[in-house]
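Down below is the structure, laid out as structure tokens.
The values are calculated or read from the model by the stated rules, or taken from the named source; none is laboratory data. Note that this is a predicted model, so its numbers are computed, not measured. With ideal geometry, Cβ positions are generated from the backbone for all residues, glycine too; neighbour counts draw on all protein chains shown. Just the protein is used for accessible areas: all its heavy atoms, side chains included, with ligands, DNA and RNA removed. Shrake-Rupley method; radii C 1.70, N 1.55, O 1.52, S 1.80 Å.
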Amino acid sequence: MNEEEKELASGHQAYFVYPAIEQNLDSDSGDTSTSLSERGELSFGKKSPLKSAEEMYGFLQSQVYPNFRCALIHSKIEEEAQNQILEDFRANKIQVLVATTVVEVGVDVPNATCMVIEQADRFGLAALHQLRGRVGRGSAQSYCFLIYRANITENGIERMKALHETTDGFKIAEEDLRLRGPCEITGTAQSGELALKIANLARDEKIMFEARKDAFATVSSAVIQ
């Protein structure tokens, strides 16, 4: 019996999160260091299937946890139905919630003690941190399992290490910026220039702030004169 089964058997609940709503194709060559959209459309190169919430929901309910009630939630489900699913999950009428990143924020279920994120290397660091925060909200010991692919990239490995080493949101944000780079702040590589030849936004924040103040002071002084 694995840890999720033990937790469910003891009366607790679990999340299973997937990078796509329905079966789609994604890249095995290359890496996106941001959270995928729910359809997993940020991909390039050679195509291979992403695990989807819809497909895995059926498998988990029929093959893995037939003795527990499972439910599926994602952004294509009507909002009223989503709210009802979440309400039933809070009331422990649902024990296994299969989802996409729609549960990333705003879901508070203290009885949920397991978070399983499949193909975790396809999610961004910030999204992984938010998802991890869905468990550990009660007094019981909680677990977050990051399941990644055999061909995980170096960038993906760095993200897994960062999640393992800290739960500090500020440190996670700094590492996210370092890994993605200043030209990928919005989630994908940008075509605009941020032509910093020496400075690094994550490393040199304090000195850049001081330089900015000095520059404004110098300009103001020159205008007054």
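Quick rundown of the values:
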read-out: For Thr218, solvent-accessible area (1.4 Å; no DNA, RNA or ligand), Å²; value: 90 Å²
read-out: Ordering of 124-132, 75-83, 13-21 by packing [mean C-beta count within 10 Å, highest first]; value: 13-21, 124-132, 75-83
read-out: FRET efficiency, Glu79 to Lys206 (Cβ-Cβ, R0 35 Å, nearest 0.05); value: 0.20
read-out: At R0 = 41 Å, FRET efficiency that the Cβ-Cβ distance of Gln63 and Val105 yields, to 0.05; value: 0.85
read-out: Inter-label distance for Ser221 and Glu158, nm, one decimal - labels placed 7 Å from Cα along Cα-to-Cβ; value: 3.9 nm
read-out: Prolate/oblate/rounded label for region 62-180 (Cα gyration tensor, a/c 1.5); value: prolate
read-out: Inter-site label distance for Ala140 and Glu54 at 7 Å from Cα along Cβ, in nm; value: 3.2 nm
read-out: Where Phe59, Phe89 fall by accessible area, highest first, once all protein chains stay in place (1.4 Å); value: Phe59, Phe89
read-out: Theoretical FRET efficiency, 1/(1+(r/R0)^6), r = Cβ-Cβ of Glu87 and Glu5, R0 35 Å, to 0.05; value: 0.90
read-out: Hz values of 3J(HN,Hα) by residue in region 164-170 - Karplus curve (6.51, -1.76, 1.60), Gly and Pro given as x; value: 6, 8, 8, 10, 6, x, 5
